[in-house]
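Visitor: Quick one: the structure is below, and I'll ask about it shortly.
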């Protein structure tokens, strides 16, 4: 059964290497780069999601999707729109109603960061700013009941910024559970890869 791993902003596909190293060899994994889902200089969430949807639709069987932060938003968006096309979700530090104030703060920080800090992850500085601006109106609240697959919502114990939203989304989804990952911050796949892998392995039962 296929597992798709979606990294967050500030990461790349290699960010999942440690997590995947703890998975059984027979689990088939895909780790796309989020930069592959948009055209350079035209980085918007709408374009990124449209290309991600096409990518997921290319698989013959519904995959299991594990996403962190922005990756979790993309995964949830796909499950909301096409619930029968997802076998299970593992959402790490997800958002379902984008906090506009937080996005504004991120944009301010991005503007003062040197361009070289973005080079290792494939985004340009302008890409980051364009993407965060285009995400301000995301709101899945009215559609969460449509997500029928099993969902595990995770949040690092030290990730206080996303804890409230993570707990709320687990309560709003019809078939979800919430788990706190001890001693982890926002980047659970970096801080606690083995604990995350154990959760992923538990998702193997096909609905």
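Visitor: Going highest first, how would you order 62-72, 187-197 by mean Cβ packing within 10 Å?
Guide: Final packing ranking: 62-72, 187-197.
Visitor: Taking 2.2 N^0.38 Å as the expected size of a compact globular protein, what ratio does the Cα radius of gyration of the stretch 1-87 give against it, to two decimals?
Guide: Ratio of Cα Rg to 2.2 N^0.38 Å: 1.05.
Visitor: I'd like the FRET efficiency for residue 12 and residue 161, computed as 1/(1 + (r/R0)^6) with the beta carbon distance as r and R0 of 25 Å, rounded to 0.05.
Guide: Here the calculated transfer efficiency is 0.70.
Just so you know, all these numbers are worked out from the coordinates, no wet-lab data involved. Only a predicted model underlies this, so the values are computations on that prediction, with no experimental measurement involved. Positions of Cβ are generated from backbone atoms using ideal geometry, with glycine treated the same way; all protein chains shown enter the neighbour counts.
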